[in-house]
Amino acid sequence: MSTSDIDRLVELTQDSRSCMLTTVDSGGTLISRPMARQDVDVSTELWFIATRDSRKVGHIQADPTVSVTVSTDSSWVSLAGKAEVVDDLDTLRELWSTFAEAWIPEGPEDPNAILIRVDVESAEYWDNPGGRVATVISLVKSKITGEPYDGGDHAKIADV
């Protein structure tokens, strides 16, 4: 992945700390749940705070394949990669936030607190510069002209 690709992903996701983390359960079913990113700059690595005894941690330990989806008012980003459960108190303290405290009130020293690191391997994004208003205008234009809606900018980024 080039620096410009990383910059583009950061630009598209910087306004959203919330995302959906998808793991694979023991039966092969995809399970998605909302998560808060602890590091707001997407590069090739994402960090999440979780509880050691959560289903997602068990899923990752059995199969590290994950997907992370981030959306804003004008963009959608899908990141795919491998996750790892990381037991590192110093990093946990560094990434700790009041949002994490709502889920783990005992703080980063809670023995059940753990980190999940996602190493991004590929990404795909859809961006509609101008947000919802531009989308509505493009849809109306498509209806009037009979030309298909182009959907804005789209790119696949492999080999992150």
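The values are calculated or read from the model by the stated rules, or taken from the named source; none is laboratory data. All values derive from a computational prediction rather than experimental measurement. Cβ: placed from backbone, ideal geometry, glycine included. Neighbour counts: every protein chain shown. Accessible surface is based on the protein model in full, side chains and every heavy atom, while ligands, DNA and RNA are left aside. Shrake-Rupley method; radii C 1.70, N 1.55, O 1.52, S 1.80 Å.
Of all the residues that make up region 75-91, how many are buried (at least 19 other Cβ atoms within 10 Å of the Cβ) and either touching a Ser or Thr at 6+ places or on another chain (Cβ under 6 Å) or more than 15 Å from residue 35 (Cβ to Cβ) (or both)? Final tally of qualifying residues: 2.
For the residues 113, 100, 158, the requirement of being surrounded by 12 or more Cβ atoms within 10 Å (Cβ to Cβ) and either modelled with pLDDT under 95 or within 18 Å of the chain's Cα centre (by Cα) (or both) singles out 100. Restricting 69, 44 to those that are among the β-branched types (Val, Ile, Thr), within 15 Å of the chain's Cα centre (by Cα) and more than 16 Å from residue 17 (Cβ to Cβ) reduces the list to 44.
Matching residues to (1) open to solvent by less than 60 Å² (accessible area, probe 1.4 Å); (2) out of contact with any Leu (no Cβ under 6 Å at 6 or more places or on another chain); (3) among the small types (Gly, Ala, Ser):
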{"residue": "8", "(1), (2), (3)": "yes, yes, no"}
{"residue": "17", "(1), (2), (3)": "no, yes, no"}
{"residue": "38", "(1), (2), (3)": "yes, no, no"}
{"residue": "47", "(1), (2), (3)": "yes, no, no"}
{"residue": "51", "(1), (2), (3)": "yes, yes, no"}
{"residue": "63", "(1), (2), (3)": "yes, yes, no"}
